[in-house]
Amino acid sequence: MNFDFSDDAKALGEQARRLFADKAGTAPARRAMAADAPDHDAALWAEVVALGWTAARVPEAHGGLGLTPEESAQLAEAAGHYLAHVPLVSTLLATEALIIAGSEAQQAKYLPGIADGSLRAVVAVNEPGAPSPTSLKTRADGGALTGVKAPIADLAGAGLAIVAAAGPDGPSLWLVETAAATVEAVETLDLVRRHGRLTLDGTPAEPLGDAAAYQAWLDRAAVILAYEAIGTGHAAMDMTVAYAKTRVAFGQTIGRYQGVKHKLADMYIKLELARAHALHGLAMMDAGGAELTQSASAARVASLDALAFCAEEAVQLHGGIGYTWESDCQFYYRRNRALVGTIGARGWWADRLVRALEQRNRAAA
Amino acid sequence: MDFNDSPAEAEYRAKVRSWLDANAADYREPHEDWDLKTFIAHSKAWQAKKYEAGYTGITWPVPVGGQGLSPMHSIIYSQEEGRFHTPSGLYSIGLGMCIPTVFTHGSPEVTARYVPKALRGEEVWCQLFSEPAAGSDLAGIRTKAVRDGDDWIIDGQKVWTSFAHASDYGIVVTRTDPSVPKHKGLTMFIVDMKAPGMEVRGIKQMSGDSGFNEVFFTGVRVPDAWRLGAVGDGWKVALTTLMHERLAVGGKPRSAPGYEQLMSLARLTEAPNGAPAIEAGDVRQRIAQTYINDQGIKLTQMRALSALSKGQVPGPEQSIAKVVVAKTMQDLASFALDLAGGDGLLAGNDADPELAKLQSSYIGAAGLRIAGGTDEILRNIIAERVLGLPGDLRPDKDKPFNAAA
């Protein structure tokens with residue numbers, strides 16, 4: 001049995017954690033909150049591209065390194081942990097869509113640019129008034145899309161948007177070159193990661209795979225995002241553990257009190273459950289396994305539960321100082337909302353999990 | 001990633017499987033009607049069969065009668081035997097915890113006398129640790145042993161002793177020096193469960209079953225040769241036993257309902273609006289949560305198995321297992337019985353058999369949350385050993401035991 005990351009993937013994760021520990025983290029995140037701060041840290045992004053991380057998952061035929069989803073997961077977790085102010089996870093999600101749904105021509109057109117950093121791509125699922133990734137109002141009419149997508153992470157500066165829109169056979173993905181659409185900034189609760197609004201008004205678009213490909217991509221995106229959420233939740237836990245070891249109240253460090261340490265143990269428990277499901281999801285992605293929807297949905301729900309708990313209790317256990325603007329707790333508290341609001345919230349994915357279990361039961365019956 | 005055996009593991013599994021197919025045929029169906037006597041007889045016969053075939057003490061050193069194989073071999077054997085309804089439980093404490101303590105800390109003579117008979121299943125062992133005033137705080141035990149020539153005389157009371165009534169021998173932790181701090185004045189002995197002065201009384205649990213006992217010691221003599229470890233080293237010796245306990249306790253009891261049972265119940269039950277309960281949002285959320293917890297622990301154990309399979313030490317993530325399993329079992333049973341309304345209350349001959357299983361799971365879970373480390377102690381362990389938080393304040397830790405409040 002080999003239910004673990006490959007040594008290569010672990011080594012890449014280690015490299016990513018080293019870079020982000022040095023160049024990302026809460027201090028750069030705080031600088032990124034300023035109203036006049038750039039959309040992302042361009043110098044760090046240049047390093048990320050130079051290290052080949054945007055090329056990691058791109059097939060060698062298209063100028064990439066041809067690595068596996070395990071490498072994407074390691075990168076997403078490291079970026080999440082250090083709140084890296086670069087559009088890395090967006091790029092990983094867009095790359096995954098092109099890999100599983102793109103025609104040879106579509107891959108040849110876009111993947112080399114993503115790999116070498118000359119093209120930035122994002123995914124655009126959210127839209128106003130659509131609570132789930134399948135109840136979409138954006139519509140395709142021939143080769144054109146009309147609708148509003150927001151809030152979309154890392155939209156500013158992206159040349160390519162992979163847009164989810166309703167179609168005759170159900171929702172599916174479309175390729176939109178953003179130069180032909182309207183891009184504006186929107187405000188979100190996440191003050192570090194920039195989000196935008198993409199307005200499509202008969203904008204030229206090309207289908208990227210069919211409705212089934214969209215469903216498969218959602219599962220794969222859920223696994224990658226689970227690793228980002230686990231990274232962010234883990235950082236909130238680490239920060240709170242460190243504080244509980246030094247903060248003194250009633251004559252002893254607060255980490256001695258069971259009211260404190262049991263919450264920290266619960267953070268660990270929730271994160272480890274999420275890791276187990278996320279790893280299962282990755283194993284299914286690697287192998288094209290039949291249990292992908294089931295494992296990805298569980299990973300999504302468990303990781304969001306873990307992140308919400310870690311982010312909320314981090315503020316609580318820090319006490320008053322945790323509620324100040326100066327505290328780093330707010331980064332995790334706010335990022336939690338951004339990750340919940342990316343490809344459908346907890347409730348939709350919990351329902352998707354039960355549907356997958358029902359389908360498996362029917363198949364077995 | 002893959003979930004397959006290595007070639008060597010596959011070979012061992014095939015060997016085990018063919019042996020079990022040939023020898024465990026009588027245990028294909030559950031035997032719910034066994035009384036204690038029959039259960040013990042079947043357990044002994046089965047253990048002897050396994051011993052002859054080399055499937056006992058799989059990870060133990062060869063010199064003490066073990067097979068000298070890896071934890072993976074032991075796990076593979078358990079997985080394969082788990083496909084049958086072989087008698088289980090009688091030896092899990094003796095062979096899982098007591099005997100490894102005996103051959104780790106006992107003299108060569110003691111090891112030679114007791115280990116082979118225990119392994120063959122001829123003699124049954126129990127573990128005499130907890131006391132009425134010392135459960136989670138095990139080092140606070142009061143049962144005392146006083147030196148008398150070549151013997152020790154033991155007086156006191158133990159509690160929660162599984163299979164004491166069926167055991168021939170036990171290992172007992174005693175206080176031999178109350179004038180030093182509590183962890184330092186303990187000593188471990190082997191004790192003959194049939195010796196004069198031993199009295200075993202069953203404890204009737206909340207469930208109505210009697211799986212545990214109280215054991216009373218009144219002037220019980222044990223020879224000094226039966227001492228395990230040095231005088232005053234009993235805590236260190238007990239930690240050996242408890243380390244083996246951590247390996248033994250973990251997963252959900254095989255009989256306990258899981259998310260599949262919740263799903264089938266929810267399909268057959270009407271929600272207040274007349275639709276099947278499984279269509280209700282809150283029911284689906286609970287099914288998802290149960291799946292995440294139950295399956296999450298199974299997957300976490302597979303992460304540990306992968307490490308073992310590669311010859312590595314598993315990470316600390318396994319420490320979450322029991323605390324998640326026990327509470328999930330309670331929550332699931334409670335929610336499922338809620339769904340059934342008044343039918344969830346009918347018991348015994350008046351109960352629906354599926355609901356009866358949930359009732360017994362609901363009652364059993366309350367015990368599982370305490371046995372082998374309470375939820376609270378397990379959270380302390382995660383916080384202190386995994387996250388590195390400081391220990392609780394222990395005002396009695398460094399005081400002489402007989403001077404602590």
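The values are calculated or read from the model by the stated rules, or taken from the named source; none is laboratory data. Only a predicted model underlies this, so the values are computations on that prediction, with no experimental measurement involved. Every residue, glycine among them, receives a Cβ derived from its backbone with ideal geometry; neighbour counts consider all protein chains shown. The area values use the complete protein model at the heavy-atom level, side chains included, leaving out ligands, DNA and RNA. Shrake-Rupley method; radii C 1.70, N 1.55, O 1.52, S 1.80 Å.
Taken one residue at a time, the phi angles of segment B:297-302 give Karplus couplings (6.51, -1.76, 1.60, θ = phi - 60°) of 6, 4, 5, 5, 5, 5 Hz. Gly and Pro are set to x. With a cut-off of 17 Å on the backbone N, the residues of segment B:201-228 near the modelled label site 7 Å out from B:VAL146 along Cα-Cβ are B:217-224.
Overall, the accessible surface of chain B at a probe of 1.4 angstrom is composed of carbon and sulfur to the extent of 54 percent.
Determine, from the Cβ-Cβ distance of B:ALA112 and B:VAL231 and an R0 of 22 Å, the FRET efficiency 1/(1 + (r/R0)^6), rounded to the nearest 0.05. According to the calculation, E is roughly 0.45. Backbone geometry of segment A:230-238 corresponds, through the Karplus equation with coefficients 6.51, -1.76 and 1.60 at θ = phi - 60°, to 3J(HN,Hα) couplings of 5, x, 5, x, 5, 5, 5, 5, 4 Hz, x marking Gly and Pro. Using a Gaussian network model of chain A in which every pair of alpha carbons under 10 angstrom is joined by a spring, one finds that among A:SER295, A:SER303, A:SER118 the greatest mean-square fluctuation is at A:SER118.
Across peptide B:308-315, what mean number of C-beta atoms from other chains lies inside 10 Å of a residue's C-beta? Could the numbers behind the result be given before it?
Details: counts 1, 4, 3, 0, 1, 0, 0, 2.
Going residue by residue through B:308-315 and averaging, the value is 1.
Using DSSP to define loop residues, name the GluC sites (Glu not before Pro) in segment A:50-108 whose beta-carbon has at most 12 other beta-carbon atoms within 10 Å. The qualifying sites: there are none. If R0 equals 30 Å, the separation of the Cβ atoms of B:ASP352 and B:ASP35 corresponds to a calculated FRET efficiency of about 0.70. What percentage of all Cα-Cα pairs in segment B:125-246 are separated by more than 24 Å? Counting every Cα pair in segment B:125-246, those more than 24 Å apart make up 20 percent.
Could you work out the longest stretch of chain B that avoids the trypsin sites (Lys or Arg not before Pro) located in DSSP loops with at most 11 other Cβ atoms within 10 Å?
Longest run free of exposed loop sites: B:29-193.
Over both sides of the B-A contact, add up the buried accessible area with a 1.4 Å probe and give it to the nearest 100 Å².
Numbers: alone 21260 and 15390 Å², together 32370 Å².
Heavy-atom accessible area buried at this interface is about 4300 Å².
How well do other chains shield peptide B:320-327, expressed as the mean number of their Cβ atoms within 10 Å of each residue Cβ? Kindly include the intermediate steps, with their values, before the conclusion.
On the way: counts 9, 2, 0, 3, 4, 0, 0, 0.
Per-residue shielding by partner chains comes out at 2.
Leaving ligands, DNA and RNA out of it, report the carbon-plus-sulfur percent of the accessible area of segment A:7-118 at a 1.4 Å probe.
Details: 2270 of 4280 Å².
Carbon and sulfur atoms account for 53 percent of the accessible area of segment A:7-118.
Rolling a 1.4 Å probe across the protein heavy atoms gives segment A:123-209 an accessible surface of 41 Å² per residue. Comparing A:ASP169, A:ASP39, A:ASP305 in a Gaussian network model of chain A, where Cα atoms under 10 Å apart are tied by springs, the biggest mean-square fluctuation is seen for A:ASP169.
With Cα atoms as the point set, chain A shows a radius of gyration and Dmax of 20.1, 71 Å. Heavy atoms of the protein chains alone define the surface here; on that basis segment B:1-145 has 47 Å² accessible area per residue at 1.4 Å probe size. Annotation for B:ILE377 and B:LYS184: the two label points, set 7 Å from Cα along the Cα-Cβ direction, are 2.4 nm apart. Full extension of the chain segment joining A:ARG355 with A:ASP286 gains 22.6 nm, where the gain is 0.36 nm per residue of separation less the Cα-Cα distance. Note: segment B:250-370, Cα convex hull, 102 Å³ per residue.
Just check segment A:179-309 against the gyration tensor rule for me: Cα atoms, a ≥ b ≥ c as the square roots of the eigenvalues, rounded for a/c under 1.5, and otherwise prolate or oblate depending on whether a/b exceeds b/c. All intermediate terms of the calculation are to be shown ahead of the outcome.
Values: a/c = 4.54, a/b = 1.66, b/c = 2.74.
Oblate is the answer for segment A:179-309, as a/c is 1.5 or above yet b/c matches or exceeds a/b.
Measuring spread by the Cα atoms of segment B:7-88 yields a radius of gyration and Dmax of 13.4, 42 Å. Short to long, the 5 Å bins of the Cα pair-distance histogram for segment B:6-53 hold 5, 17, 21, 22, 16, 10, 6, 3, 1 percent of all pairs. Rounded to the nearest 20, the size of the Cβ-charge dipole of the protein assembly as shown about its Cα centre is 1580 debye, with Lys and Arg at +1 and Asp and Glu at -1.
Result for chain A in a Gaussian network model with C-alpha springs under 10 Å: among A:GLY259, A:GLY289, A:GLY344, the largest mean-square fluctuation is at A:GLY259. Counting every pair of alpha carbons in chain B, the share spaced more than 38 Å apart comes to 26 percent.
Here each label is just a point 7 Å from Cα along the line to Cβ, and for A:ALA144 and B:ALA8 those points are 6.8 nm apart.
Averaged over the residues of A:352-358, the number of partner chain Cβ atoms lying within 10 Å of the residue Cβ comes to 5.
Enumerate by residue number the GluC sites (Glu not before Pro) in segment A:179-247 meeting two conditions: DSSP loop (anything except H, G, I, E, B), and at most 12 other Cβ atoms within 10 Å of the site's Cβ.
Details: sites: A:GLU184, A:GLU187, A:GLU228; in loops: A:GLU187.
Loop-located and lightly packed - A:GLU187.
Modelled spin labels at B:ASP396 and B:LYS49, positioned 7 Å past Cα toward Cβ, are 4.8 nm from each other. On full extension, the segment bounded by A:GLU206 and A:GLU60 gains 50.1 nm, given 0.36 nm per residue less the C-alpha separation.
Pairs of Cα atoms in segment A:78-216 fall into 5 Å distance bins, from 0 up to the last occupied one, in shares of 2, 11, 21, 24, 22, 13, 6, 1, 0 percent. Under 5 Å between amide hydrogens, built in the peptide plane, is the criterion, and for A:ALA124 it picks out A:ILE162, A:VAL163, A:ALA164 among residues at least 5 positions away or on other chains.
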